[in-house]
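What follows is a short report on a single structure.
Read the figures in this text as sums done on the coordinates, not as results from a lab. Since the structure is predicted, the reported quantities are computational estimates derived from the model, not experimental observations. Cβ atoms come from the backbone with ideal geometry, glycine included; neighbour counts cover every protein chain shown.
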Amino acid sequence: VKDEGRGTVRFFEAAMDEQLQARRRIEHELSGAIPRGELQLYYQPIVNGRTGEIETFEALIRWHHPVRGCVPPADFIPLAEQTDQIGRIGAWVLDTACAAAAAWPHPWRVSVNVSPKQFRQPGFAAGVAAVLGRHGLPPGRLVLEITEGVFIQDATMAVEVLTALRTLGVRLALDDFGTGYSSLSYLQRFKFDKIKVDQSFVRRLGRHADTLTIVRAITHLGHNLGLQVTVEGVETQEQLAMLRELGCDQMQGYLFARPAPMTELSQAGSADRER
Ligand code: C2E
Ligand code: CA
Ligand code: CA
Ligand code: CA
């Protein structure tokens, strides 16, 4: 029994060792991804809930790995957050997205995801101001998508940074709303411009009767607080019909468009204009 136990331990040690090595390899490869030009931003339209017109594009990062192909953010953003790479990657995302938006043929907004660790870096708000200035992008055309993770370590500091960003004129969205532990309490801490209802709710619409009640309640709550309500993950006409009736301000999802490089999306945009 003793030997078997030792064997099991050794087996786990070997497995962990392999995991650790794989992690280190990805970490190393990721550190060279920016200079090698392997990172790219895809954009997904966010449309007006009533008119269907494009208002904003959310920037979503992709890593084109030479061997593994297109790596989704879920497979490397958490790692970048654990190591100190998120600062550089986040700065690259912000710079690239603002440069792109400044050149768009329409005053579309660009919405950029900010990781909690990136947000907490000293001088974050000043960095945002510098990027806007460098590209001549009016602050009102930038939306920053924040998750409740920014409040966890130091909520007072988070509110200070959010207030500084608000003063710049940047718009602020609370992302993944409803999935965390205390989404509601954060609405008291800071007045966001909008909440983004997590796509897990939309997925269950029409399958669970209670979900419609919850999304309706979130929408009313947001509206009564003077916030806009965006729903994401809209995939079906059935979901669209339900969400329209609730009066959601913006919608986003595969039903409208999948995230894609801007060159592919701007054609959809011009088709929309011609209609
Ligand atoms: P998120 O911010 O909640 O982004 C929405 C995710 O839902 C995106 O996945 C998007 O492609 C996907 N999506 C949009 N419409 C639909 C739909 O109709 N159905 C389904 N099933 N999915 C839909 P993606 O691009 O894989 O990004 C995943 C997460 O990675 C994002 O979640 C965000 O948390 C993070 N992320 C992406 N880009 C960045 C970035 O530049 N910086 C940071 N810090 N995080 C990022
Ligand atoms: Ca987002
Ligand atoms: Ca989200
Ligand atoms: Ca999410």
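What FRET efficiency, computed as 1/(1 + (r/R0)^6) with R0 = 45 Å and r the Cβ-Cβ distance, is obtained for GLU245 and ASP17, rounded to the nearest 0.05?
On the way: r = 55 Å, r/R0 = 1.21.
Once rounded, the FRET efficiency stands at 0.25.
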Can you tell me how much longer the chain between ARG36 and LEU79 gets when fully stretched, taken as 0.36 nm per residue apart minus their C-alpha distance, in nm with one decimal?
13.6 nm
GLY206 long-range amide H proximity, modeled H, under 5 Å:
LEU212
Sort LYS191, LYS117 by Cβ crowding within 10 Å, fewest neighbours at the top.
LYS191, LYS117
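Calculated from DSSP H runs of 4 or more alone, at -39500 (n - 2.57) each and per residue, what is the 222 nm mean residue ellipticity of the chain, nearest 500?
Values: 12 runs with 140 residues, N = 275.
Computed ellipticity for the chain at 222 nm equals -15500 deg cm²/dmol.
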Sites matching GluC sites (Glu not before Pro) across segment 184-259 that sit in DSSP coil, with at most 16 neighbouring C-beta atoms within 10 Å:
GLU235
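Report the charge-dipole magnitude of the chain in Debye, nearest 20, computed about the Cα centre from +1 at each Lys and Arg Cβ and -1 at each Asp and Glu Cβ.
On the way: 30 positive and 32 negative charges, 68 e Å.
Value, rounded to 20: 320 debye.
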Bin by bin, in steps of 10 Å, what percent of the Cα pairs in the chain do you find, going until the bin that has the longest distance?
6, 26, 32, 23, 9, 3, 1, 0
With the chain treated as a Gaussian network of Cα nodes joined by springs under 10 Å, which of ARG204, ARG24, ARG141 yields the largest mean-square fluctuation?
ARG24
Can you work out ³J(HN,Hα) from phi for every residue in segment 146-157, in order, using Karplus 6.51 cos²θ - 1.76 cosθ + 1.60 and θ = phi - 60°, giving whole Hz and x for Gly and Pro?
10, 10, 5, x, 5, 8, 4, 6, 8, 5, 5, 5
Exposure proxy check: TYR181, TYR42 ranked by fewest other beta carbons within 10 Å?
TYR181, TYR42
Scattering curve values for segment 130-201, log₁₀ I(q)/I(0), Debye with Cα scatterers, q = 0.14, 0.22 Å⁻¹:
-0.45, -0.96
Using eta = 0.890 mPa s and T = 25 °C, Stokes-Einstein with Kirkwood Rh from Cα pairs puts D for segment 107-147, in µm² s⁻¹, at 226 µm²/s
For segment 44-95 and segment 172-202, what is the separation of their Cα centres, given in Å?
19 Å
Relative to the longest principal axis of the chain, what angle (0 to 90°, nearest 10) does the C-alpha long axis of helix 2-31 take?
50 degrees
GNM, the chain, Cα, under 10 Å: largest mean-square fluctuation among GLU55, GLU148, GLU29?
GLU29
Placing +1 on each Lys and Arg Cβ and -1 on each Asp and Glu Cβ in the chain, then taking the dipole about the Cα centre, the residue among ILE89, ASN224, CYS70 whose Cα reaches farthest towards the positive end is ASN224
May I ask you to evaluate 6.51 cos²θ - 1.76 cosθ + 1.60, the Karplus curve with θ = phi - 60°, for each residue of segment 34-50 and list the ³J(HN,Hα) values in order in whole Hz, giving x for glycine and proline?
5, x, 7, x, 8, 8, 9, 9, 9, 10, 10, x, 10, 9, 5, x, 9
Residue with peak Gaussian network fluctuation, the chain [Cα springs, cutoff 10 Å], from VAL161, VAL229, VAL71:
VAL71
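State, as an integer percentage, the relative contact order of the chain based on alpha-carbon contacts under 8 Å between residues 6 or more apart. Could you put the intermediate results ahead of the total?
Numbers: 377 pairs, mean separation 46.4, N = 275.
Relative contact order, the chain: 17 percent.
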Ordered by residue, what ³J(HN,Hα) values in Hz, to whole numbers, does segment 81-90 give under the Karplus form 6.51 cos²θ - 1.76 cosθ + 1.60, where θ = phi - 60° and Gly and Pro are x?
6, 5, 8, 9, 7, 4, x, 5, 5, x
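Kirkwood hydrodynamic radius of segment 29-100 from all distinct Cα pairs, in Å?
Value: 13.3 Å, from the Cα pair sum.
Only Lys, Arg, Asp and Glu count, each charged at its Cβ (+1, +1, -1, -1), so figure out the dipole size of segment 125-206 about its Cα centre, rounded to 20 debye. Kindly include the intermediate steps, with their values, before the conclusion.
Working: 10 positive and 8 negative charges, 65 e Å.
Using Cβ point charges on Lys, Arg, Asp and Glu, segment 125-206 gives about 320 debye.
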Test of understanding: express the Cα radius of gyration of segment 138-275 as a ratio to 2.2 N^0.38 Å, with N the residue count.
1.13
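Taking 1 over the mean of 1/r across every pair of different Cα atoms in segment 169-238, what Kirkwood radius in Å do you get?
Values: mean 1/r = 0.0798 Å⁻¹.
In segment 169-238 this quantity evaluates to 12.5 Å.
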P(r) tail fraction, segment 1-132 - alpha-carbon pairs more than 22 Å apart, %:
51 percent
Rounded to the nearest 5, the percent of DSSP beta bridges in segment 1-157 running antiparallel is 60 percent
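Just for the chain, what percent of DSSP beta bridges are antiparallel, to the closest 5? Present the calculation step by step, with values, prior to reporting the outcome.
Working: 15 of 37 bridges.
Given both bridge residues lie in the chain, the antiparallel proportion sits at roughly 40 percent.
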